[in-house]
Amino acid sequence: MNLPQLNLGSLEFDDIKLSIKEHLKSQDEFSDFEFEGSAMTTLIDMLAYNTLYYAFYSNMIGNEIFFDSAQKVSSLISLAKPLGYVVPGARASGAKVTVRVAGSFRTLPKYHTFTGVNANGSSLTFYNYETVTTNQNGEIDVFVYQGSLLTEDAVIQMDSNNYKGFIAGPNIDIRSLTIKVKTPADENFKEWSLSDNINQEIDSRSEVYFLERFDDGFYVLFGGNVPNDTNYPQPGKSLPQGSVVTASYITPSGEIANNYTSFSS
């Protein structure tokens, strides 16, 4: 005997309940049954709610496995990870300014402070992300970025088994991140470079680090040591025991820093 198909394609509770009732009414056992006000209504409600919850859950799971439909940041982070892309945190508002100083070939260090003012007279602090040098006329064009907090040379607690350390705070601008390393053989800290996972130009001598994004911050990873995977080490130079790693970075304020056009240093 061919029974009528049960149509459960809707995500509306009333539509699901009506579909279940119509399906039961089409069967001989319930053809003259009065559903309203009977105990059967409670059972149908339970079936409809269960179907609704499962349909909603399946729909959410289906959405989160694709870039085009994912809604959660954690899903985007997970999808981007195999592609070697690090989902950034906050992006600081920036401006291109011309700096003029007395003398030629003057060096402007990284994280130099600028004050930006908008049309209402409000001021915010901006920083440059790169060390630059003026030309023979004492001028240089430099990009500056707003920061509500500058964190300088904060020591990262590293896992001694794999030299993987965590920087708390998903809102840091990773373009501003500076990682410095001092090994037991070094007299001073040395700045290491950020690399992505798709880089064929690095080897076991390359002083590079990698970033891995999580919901509440970023992991900093170094080469050589991968837990439980000695056959396929992470590319790049590994850190010897006793190495010290520091991080400097900017945490921006967000959209509040837009439309600042007058700068001084």
Solvent-accessible heavy-atom area per residue, rounded to whole Å², over the chain at 1.4 Å: 62
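State the antiparallel share, in %, of DSSP beta bridges confined to the chain, rounding to the nearest 5.
Details: 46 of 48 bridges.
Beta bridges within the chain, antiparallel portion: roughly 95 percent.
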For the chain, what's the relative contact order in percent, using C-alpha pairs closer than 8 Å and at least 6 residues apart? 19
In degrees, nearest 10, the alpha-carbon axis of helix 39-64 is tilted away from the dominant principal axis of the alpha carbons of the chain by 30
Value of [θ]222 nm, deg cm²/dmol, for the chain, DSSP H segments ≥ 4, -39500 (n - 2.57) each, nearest 500: -6000 deg cm²/dmol
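Under 1.5 on a/c is rounded, so check that first for the stretch 57-189, then, if it is not, pick prolate when a/b is larger than b/c and oblate when it is not; a ≥ b ≥ c are the square roots of the alpha carbon gyration tensor eigenvalues.
Numbers: a/c = 2.66, a/b = 1.49, b/c = 1.79.
Cα axes put the stretch 57-189 in the oblate bin.
How much length, in nm to one decimal, is gained on full extension between N120 and R91, taken as 0.36 nm per residue of separation minus their Cα-Cα distance?
Working: separation 29, 0.36 × 29 = 10.44 nm, distance 2.33 nm.
Here the segment from N120 to R91 would lengthen by 8.1 nm.
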Counting pairs on different chains as well as pairs 8 or more places apart, how many Lys pairs in the chain have Cα atoms under 21 Å apart? 16
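About the Cα centre of the chain, what is the dipole size in debye to 20, counting +1 per Lys and Arg Cβ and -1 per Asp and Glu Cβ, all else neutral?
Details: 18 positive and 31 negative charges, 317 e Å.
Dipole about the Cα centre, nearest 20: 1520 debye.
Around A80, what is the net charge, scoring Lys/Arg as +1 and Asp/Glu as -1 over all other residues with Cβ under 15 Å from its Cβ?
Net charge in that neighbourhood comes out at -2.
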Around L150, under 12 Å between beta carbons, what's the net of Lys plus Arg minus Asp minus Glu among the other residues? -2
Using 0.36 nm times the number of residues separating R205 and N259, minus their current alpha carbon distance, what extension gain do you get? 15.0 nm
For a label point 7 Å from the Cα of L79 along Cα→C-beta, name the residues of the stretch 54-72 whose backbone N is under 12 Å from it. 61-72
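Given the Cα-Cα distance of S160 and D68 and 0.36 nm per residue of separation, how much length would full extension add, in nm? Don't skip to the answer; put the middle values down first.
On the way: separation 92, 0.36 × 92 = 33.12 nm, distance 3.87 nm.
Full-extension gain reported as 29.3 nm.
Indicate the gyration tensor shape class of the stretch 136-265 (rounded, prolate or oblate), computed on the Cα atoms with a ≥ b ≥ c the square roots of the eigenvalues: a/c under 1.5 is rounded; otherwise a/b larger than b/c is prolate and the rest oblate. Please report the intermediate quantities before stating the final value.
Working: a/c = 2.13, a/b = 1.74, b/c = 1.22.
Cα axes put the stretch 136-265 in the prolate bin.
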By the scheme Lys and Arg +1, Asp and Glu -1, what is the net charge of all other residues having a beta-carbon under 12 Å from that of F218? -2
Express the carbon and sulfur contribution to the solvent-accessible surface of the chain as a percent, rounded to the nearest whole number, probe 1.4 angstrom. 49
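The values are calculated or read from the model by the stated rules, or taken from the named source; none is laboratory data. Treat the numbers as computed from the prediction; the structure is a model and nothing was measured. No Cβ is skipped: glycine too gets one built from the backbone with ideal geometry, and neighbour counts run over all protein chains shown. Just the protein is used for accessible areas: all its heavy atoms, side chains included, with ligands, DNA and RNA removed. Shrake-Rupley method; radii C 1.70, N 1.55, O 1.52, S 1.80 Å.
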